[in-house]
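Single-structure report; data block below.
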Amino acid sequence: MKKKILIVIANYYARISTSLSADAKVTLDFAKIKYSVKEVPGVFEIPVVIAKNIKKYDGFIALGCVIKGETPHFEYISKTTINGLMKLSIENKKPIGNGIITALNKEQAFARMGNADRPERLSKKKSKGEEAAKAVITVLSK
């Protein structure tokens, strides 16, 4: 499969983003798929970067994390970002793997972040980064 993927990583929670990214990259490397990486400050910026690059790539992987705070900001950012990704995917008929963790607290986020810095989990549970990469690979092969 000679496809190109763009991974867009929101670095607001750097430890989580790094782990998600590592798992996505391992998955793409294993499938022998070429990819590029662009970093953004937060998940809210992911859809615009994908939109700017929509014609250059066959698929996209959105990675990052939103953790609920004391204000409704969490709901607005999560919903707007996910809706933006879905709209881009449908309108452009290109897969966008959603590897954005939405969690109520850091403990939940860390539990879902991935395997890269926690090798004891490698055989237990897929990370959101791996899941997002596999979703894009699957859709591209259809």
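Since every read-out is calculated from the coordinates, none of them should be taken as a lab result. All figures in this text were calculated on a predicted structure; none of them were measured in a lab. Quick reminder, even Gly has a Cβ in these numbers, built from the backbone with ideal geometry, and neighbours come from all protein chains shown.
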With springs connecting C-alpha atoms under 10 Å apart, model the chain as a Gaussian network and identify which of Lys106, Lys52, Lys38 has the largest mean-square fluctuation. Lys52
Over the chain, how many percent of alpha carbon pairs lie in each 10 Å bin up to the one with the longest distance? 13, 46, 33, 8, 0
Treating cross-link reach as a plain straight distance, find the aspartates and glutamates whose alpha-carbon is under 17 Å from the alpha-carbon of Lys3, omitting any fewer than eight places away in the same chain. Asp29, Asp58
Could you put Val26, Val48, Val8, Val43 in order, starting from the residue whose Cβ has the fewest other Cβ atoms within 10 Å? Val48, Val26, Val8, Val43
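Going down the table (Lys25/Lys106; Lys25/Lys93; Lys2/Lys93; Lys93/Lys126; Lys2/Lys87; Lys68/Lys93), which pairs top 21 Å between alpha carbons?
With Cα atoms farther than 21 Å apart: Lys25/Lys106; Lys25/Lys93; Lys93/Lys126; Lys2/Lys87; Lys68/Lys93.
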Determine which residues of the range 52-92 fall in the zone a paramagnetic label at Leu140 would reach in this model, i.e. backbone nitrogen under 20 Å from the point 7 Å along Cα→Cβ. 52-64, 85-92
What is the order of Tyr76, Tyr13, Tyr57, fewest Cβ neighbours within 10 Å to most? Tyr76, Tyr57, Tyr13
I want to verify a result. In a Gaussian network model of the chain, Cα cutoff 10 Å, which of these has the top mean-square fluctuation: Pro41, Pro72, Pro95? Pro72
Using a Gaussian network model of the chain whose springs link C-alpha atoms within less than 10 Å, name the residue from Ile90, Ile101, Ile61 with the highest mean-square fluctuation. Ile90
Measuring from label point to label point, each 7 Å out along Cα→Cβ, what is the Ile54 to His73 span in nm? 2.9
With each run of n ≥ 4 DSSP H residues scored as -39500 (n - 2.57), what mean residue ellipticity at 222 nm is computed for the chain after dividing by its residue count and rounding to the nearest 500 deg cm²/dmol? -14000 deg cm²/dmol
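Please compute the net charge surrounding Glu45, taking Lys and Arg as +1 and Asp and Glu as -1 over other residues with Cβ under 15 Å from its Cβ.
+1
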The chain: DSSP helices with Cα axial extent of at least 20 Å and average Kyte-Doolittle hydropathy no lower than 0.0: 14-30
